[in-house]
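Have a look at the structure below before the remarks.
The values are calculated or read from the model by the stated rules, or taken from the named source; none is laboratory data. Bear in mind that the values here come from a model prediction, so they are computed numbers and not experimental data. Please note: Cβ atoms are built from the backbone with ideal geometry, for glycine as well, and neighbour counts cover all protein chains shown. Just the protein is used for accessible areas: all its heavy atoms, side chains included, with ligands, DNA and RNA removed. Shrake-Rupley method; radii C 1.70, N 1.55, O 1.52, S 1.80 Å.
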Amino acid sequence: LLAAAVRHRKRDSRMARLLFALTLAAALKFWAAAVRHRLQDSRMARLLFALTLAAAVADECPLEGCEEAGLMQLQGKKENVVHEADQDRPRRDRRDSRYESYHHYKQYSYGPSPPTRQSTTSEPADPSTTTATPAPPPPLKCEDAEPQAPRNVSCGFVGEKKARVKPLDSDSVIKFIQCNLHFHLGAEHLSAGEYDLDSPPPGTEKASSVTPGKFCSVCDIPPVQLEPFEFEHCKNVSVGNTYEFHWVFSTGAPLVGLRDDGEEGQLGITDGLGGALNRTINPKVIVRGQACRIINNASLDTEAKIEADYADFLTQWRTPPAGQGVRYMGSTTGDAFNDEVCSPIEVNWHVDTKCCTLSAQAFDRTCKAMYDEGLRDDLKPKGSRAPVSAANSAKVVFPLSEPTCSS
């Protein structure tokens, strides 16, 4: 050991220094005992002799080899780390897949799925390590779901499903960021005496093949205002029909206004509902819903008049008078859901209980603004989900401002 230590004295090794010190101490004790006891057959002499013999045998594996073995162990640890990272890659892929499968619910994501995370390596993927995207989660049974939407917002209608939280009020919207505007053929909600007709008014053009909702009456509309209008930007829509507009606001929408030089709430809207999940997969969402019947207002014959009537309908609904709007806890909508298969996404709903009247000119101007923002799929109406039963409706409906129904 002493020879090995001296041989490797230039190596800055903890093992070399330790073995050198131990061997030197053992040698001094051995020679002192040998001289003192004249190499008598003592226990200490035999023990020191055995230790020295063992050290000599150990010297067959020189310190250099032992150190190399230690380096091999360290390298093995590094290789294990890399190997564990390789083993972890499928787990990350599975996490990505779960993230993607979250968006496989096409029923509540009208737009394209968000882009999948791409590998930064240029090497081709190893087929043995790639994992297939899992199938979408099974449909959610309504008996296991939270309160749903759309619902009957008529006075006197009472739901049966208890909501776990109170819906956010109208003052909360200013803290959210708009991520979408789309519209459905017919009203998805039901309001007795307002939008409650099962079919469009007689003579209304059939302009879409999607599942219709409820319709407003046009009996009080002059015939001249029900004449056809040539829409330039909106697709598959017609005068006389009712469309329920949905302004979608989210805490997870893109921070376009905050990252640029605009104010919070500056538009970063996109097709579908994917924008609501831009920065988080569990955002708070508020949807404003307003059912409007479309008329042809020929008096809007200049751009200035159309612009005034449009009144930034892309971002602002026709604010309901006090006592006319309600809010409740519900879900996303769409004609893929019913009273058996329910939506798993929670939404704070703000709904106008009366029919609004929107000119075809302002409607087309809205679609132009949507087009300018990059929207394409949402320029045509979506299918409507039928109002859910009382069993799937929240028990309590709150007013936006003042009570809408007398107790």
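Note on region 148-258: enclosed strands (runs of 3 or more DSSP E) holding 3 or more residues that are at pLDDT 95 or above and more than 27 Å from the chain's Cα centre (by Cα) are 195-197. Entry remark, region 170-191: residues being among the β-branched types (Val, Ile, Thr), out of contact with any Leu (no Cβ under 9 Å at 6 or more places or on another chain) and closer than 27 Å to GLY383 by Cβ number 1 in total. The sole residue among VAL326, VAL351, VAL388, VAL396 that is assigned to a loop (DSSP other than H, G, I, E, B), modelled with pLDDT of 95 or more and of a type in the set (Val, Ile, Thr) is VAL388. Scanning region 367-386 for residues that are under 28 Å from LEU190 (Cβ atoms), under 23 Å from the mean Cα position of the chain (by Cα) and surrounded by fewer than 18 Cβ atoms within 10 Å (Cβ to Cβ) turns up just one, ASP377. Here PRO321 meets each of (1) farther than 17 Å from LEU181 by Cα; (2) part of a strand (DSSP E or B); (3) not polar (S, T, N, Q) with one exception, condition (2). Report whether or not GLY289 is open to solvent by less than 80 Å² (accessible area, probe 1.4 Å), under 25 Å from GLU188 (Cα atoms) and part of a helix (DSSP H, G or I). Considered against the rule, which asks whether it is open to solvent by less than 80 Å² (accessible area, probe 1.4 Å), under 25 Å from GLU188 (Cα atoms) and part of a helix (DSSP H, G or I), GLY289 comes out as no. Taking each residue of region 149-160 that is more than 16 Å from GLN324 (Cβ to Cβ) and of a type in the set (D, E, K, R) and looking for partners that are in a loop (DSSP other than H, G, I, E, B) and open to solvent by less than 60 Å² (accessible area, probe 1.4 Å) with beta-carbon atoms closer than 7 Å, six or more apart or interchain, yields ARG151/GLY159; ARG151/HIS189; ARG151/PRO387; ARG151/VAL388; ARG151/SER393; GLU160/SER393.
Of all residues in region 138-148, those that are surrounded by 24 or more Cβ atoms within 10 Å (Cβ to Cβ) and over 26 Å from GLY325 (Cβ atoms) total 0.
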